Amino acid sequence: SWSNKVRIVPVQKCQEPDICEVLSKIHGKKILPCSLNARTQLQAQDSESQTILVQLNTHNASDLNYGPGDHVGIFPVNCPDFVEAILERLDATQGPSRDQVICTEVFTELGPNETWTKHEKLPICTLRMAFSYFLDITTPPSQKILQMFATQASCDTDKKRLELLAMDSVAYEKWRTNLSPNILQVLEQFSSLKVPPSLLLTQLPYMQQRYYSISSSPVMHIGELHATIAVVKFRTQEGAGPVHGVCSSWLNRCALGTVVPCFIKTAPNFHLPENPSLPVIMIGRGIGIAPFRSFWQERLQEIDLKTISSKTKHCFGQMILYFGCKTVKENFYGKELAEMKESGVLSNYHVAYSKEPDLPKCYVQDIILQNAASIYEMIDNGAHVYIAGDMSMAHIVTRTLEVALCEHGGMYSKAAADRVTELRDVNRFHEDIFGV
Ligand code: FAD
C-alpha cells in the first residue's frame, strides 16, 4: 500500500531553504523576491468591498522588467492561523513536530536493490514551511486524495462516505460546490480520519501563482511594480465563512518589507500601440481598471519626456477611458483620473455607476452607447480598443461596440461583427479578461 512506500525522517541541522529558489525549481521558471514597499487602501472603510494598491520593490532585477499591460504572477503564503489549525489536527497522528526539519522519502526498488530516496516534490523543510509556502491547502481535495483518505478513516460511516465521494463524480461535484471544503474542513467533517503528514506532503497539489494586471509604468516607478487588488471574501453556498482569498488577503495583511515571490508574464497582445499618435480607447469594469493605470502613467511619462526633449507640441493620439463601477466609493482612481485629464494624458474619461443611490443605474455599456459616434470615429481613425475585466462585461461591451458600428457606420450586424474580428486580427482589439 501507499503508506508503506513513503516515510518521513527527521533531519538534523539544515539551512532553511530559500523560498524563491524552491518555487523556481518546483514551477520551472525564475521566481524572484520582491518586497512590499507600501500598501494603500483604495476604498473608504465603510465600503462593502475592499481594494488595495500594492507597491512592490523589484530590487531592479532585470528578470522583473515589464511593460504597461503585462501581468505579474505572485506566489502567496497561506494564512498562519489556518496552517496552525491543520498542524494541530495532524498532531492526532504520530507525525513529526511541526518545527522539526524533515525529509520525505520514498521506497524504491531498483532491480535487486531496495532503497529509500528523497521524495522530490518538496525541499527538506518543516511541516509548517511546506504548508505555508508550497502546498495548496485551500482548494477542495481531489477525488484521488479522498480515495487515499478513505483508507485512513477508522469509522465505517466515514470510510463509506469518502469512498462514495471518491468514486461517484456526481456526488463529488455536489459536495465540492456546496461546501467548497478546504483540507481542514475535510478533516473536521470526517472526524475518524487520521491522516499521516506524509500523505498530505506527497499528495496535495502545489500552491499556484495568482496573476495581477500590472498597474504602474516602469518609467514612472523605477524599481517598482504596482498591482490593484480586490480583496476576495466569499461564503460557500452552505454559508460557512467568510472565506478569504489566499493571495489577496495575504497581501492585505502582510507586514511592509515582506518578501513577495514574483515573476512577469508578458502580455504582448495587451500593449499600447507602437505608434503613439493612434487613438486609444480603454474600457473596463471594477478591478478591470488595473492595467489602464499602467497605460496612463506610461503616457504621462512619455509626454513629459517629449516636452522636455523637443519642446515641440506632442503628437499623441487621444486616450479615452470608459469605466463602470457600482458606487462613487469604488471609483478609487477618480482623483488620479481627474489629474490625468488635467495634464492632457487623458483626452476624457466617462464613469458609469450602477448602484450609486442618487443616480440612475448606468453600466459601462450605456456610456459606450451614449458616446457611440465618437467611438466610431476614433475606430475609423485607427484607434486601438482595450477591454479589461470580467468575461461577461467583455461580452456585453463587444456586442455594444458592434451596435455602435452599425449605427454610425451604416453596417449590418454581421458586418459589424466581422469588423470586430478584423480589428482583432490586425491587433487593434485587445482584451485582458479575468473572472467570470
Ligand atoms: P483564492 O484563494 O484563489 O480564492 C479564490 C477561490 O475562491 C477560487 O478558487 C474560487 O473558486 C473561490 N471563490 C471565489 N469567489 C467565490 C464565491 N463567491 N463563492 C465561492 N467560491 C468562491 N485580480 C485583481 O484583484 N486585480 C487584477 O489586476 C487581476 N488581474 C488578473 C489578471 C489575470 C490574467 C488573471 C488570470 C487574474 C487576475 N486577477 C486579478 C485575479 C487574481 O489572479 C486572483 O484570482 C484573485 O486575486 C483571487 O485570488 P486569491 O488567492 O485572493 O483567492
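With respect to Asn275, determine if the residue is closer than 24 Å to Ile387 by Cα, surrounded by fewer than 17 Cβ atoms within 10 Å (Cβ to Cβ) and within 16 Å of the ligand (Cβ to nearest atom). No; evaluated as a whole, the condition is false for this residue. Per the listing Val106, Val22, the residue uniquely surrounded by 14 or more Cβ atoms within 10 Å (Cβ to Cβ), more than 23 Å from Cys247 (Cβ to Cβ) and touching a strand residue (DSSP E or B) at 6+ places or on another chain (Cβ under 9 Å) is Val106. Among the residues of region 25-52, those identified as buried (at least 17 other Cβ atoms within 10 Å of the Cβ) and either hydrophobic (A, V, I, L, M, F, W, C) or free of Cβ contacts under 8 Å to residues at least 24 places away in the same chain (or both) are Ile26, Ile31, Leu32, Cys34, Leu36, Leu42, Ile52. Among the criteria (1) touching a Pro at 6+ places or on another chain (Cβ under 7 Å); (2) within 22 Å of Ser277 (Cβ to Cβ), the one Ala373 does not fulfil is (1). Please work out if Tyr206 is hydroxyl-bearing (Ser, Thr, Tyr), within 10 Å of the ligand (Cβ to nearest atom), within 23 Å of Phe75 (Cα to Cα) and modelled with pLDDT of 95 or more. Taking the combined requirement at face value, the residue does not satisfy it.
Taking region 261-272 as the search range and keeping residues that are out of contact with any helix residue (DSSP H, G or I) (no Cβ under 9 Å at 6 or more places or on another chain) and in a loop (DSSP other than H, G, I, E, B), which one is nearest to the ligand (Cβ to nearest atom)? Looking at the filtered set, the residue picked out is Thr266. Of everything listed in (1) in a loop (DSSP other than H, G, I, E, B); (2) basic (Lys, Arg); (3) closer than 15 Å to Thr258 by Cβ, the single unmet condition for Arg39 is (1). Scanning region 92-137 for residues that are farther than 13 Å from Pro197 by Cβ and free of Cβ contacts under 8 Å to residues at least 24 places away in the same chain yields Thr108, Glu109, Leu110, Gly111, Pro112, Asn113, Glu114, Thr115, Thr117, Lys118, Glu120.
Figure legend. Inter-residue proximity from region 414-431: first residues farther than 17 Å from His395 by Cβ, second residues part of a strand (DSSP E or B), beta-carbon distance below 7 Å, spacing 6+ or different chains. Indicated pairs: Arg428/His384; Arg428/Val385. Scanning region 220-245 for residues that are more than 23 Å from Leu56 (Cβ to Cβ), near the ligand (Cβ under 8 Å from one of its atoms) and free of Cβ contacts under 8 Å to residues at least 60 places away in the same chain gives Phe234, Arg235, Thr236.
Number of residues in region 163-185 that are over 23 Å from Arg7 (Cβ atoms) and within 16 Å of the ligand (Cβ to nearest atom) equals 13. The set of residues from region 398-436 being more than 16 Å from the ligand (Cβ to nearest atom) and either in contact with a Gly (Cβ under 9 Å, 6 or more places away or on another chain) or basic (Lys, Arg) (or both) comprises Arg399, Lys414, Ala415, Ala416, Arg419, Arg424, Arg428. Scanning region 256-265 turns up at least one residue that is buried (at least 17 other Cβ atoms within 10 Å of the Cβ), within 30 Å of Ile303 (Cβ to Cβ) and under 18 Å from the mean Cα position of the chain (by Cα).
The rows are residues; the columns are (1) more than 16 Å from the ligand (Cβ to nearest atom); (2) assigned to a loop (DSSP other than H, G, I, E, B).
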| site | (1), (2) |
| --- | --- |
| Gly73 | no, no |
| Pro96 | yes, yes |
| Glu105 | yes, no |
| Thr108 | yes, no |
| Lys121 | yes, yes |
| Met129 | yes, no |
| Ser132 | no, no |
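Go through the residues of region 240-260 one by one and say whether even a single one is assigned to a loop (DSSP other than H, G, I, E, B), modelled with pLDDT of 95 or more and at positive phi. Within region 240-260 (the criterion being assigned to a loop (DSSP other than H, G, I, E, B), modelled with pLDDT of 95 or more and at positive phi), the answer is yes, since at least one residue qualifies. Take the conditions away from the ligand (no atom under 15 Å from the Cβ) and without any contact (Cβ under 8 Å) to a residue 24 or more places away in the chain and apply them to Glu21. Does it pass? Considered against the rule, which asks whether it is away from the ligand (no atom under 15 Å from the Cβ) and without any contact (Cβ under 8 Å) to a residue 24 or more places away in the chain, Glu21 comes out as yes.
Can you name the number of the only condition in (1) away from the ligand (no atom under 14 Å from the Cβ); (2) at pLDDT 95 or above; (3) over 20 Å from Phe82 (Cβ atoms) that Ser198 fails? So Ser198 meets the others, but not (2). Can you find even one residue in region 28-46 that is within 16 Å of Leu201 (Cα to Cα) and of a type in the set (A, V, I, L, M, F, W, C)? No, there is no match, as no residue in region 28-46 is within 16 Å of Leu201 (Cα to Cα) and of a type in the set (A, V, I, L, M, F, W, C).
The values are calculated or read from the model by the stated rules, or taken from the named source; none is laboratory data. For clarity, every value in this text was computed on a predicted model and none was experimentally measured. No Cβ is skipped: glycine too gets one built from the backbone with ideal geometry, and neighbour counts run over all protein chains shown.
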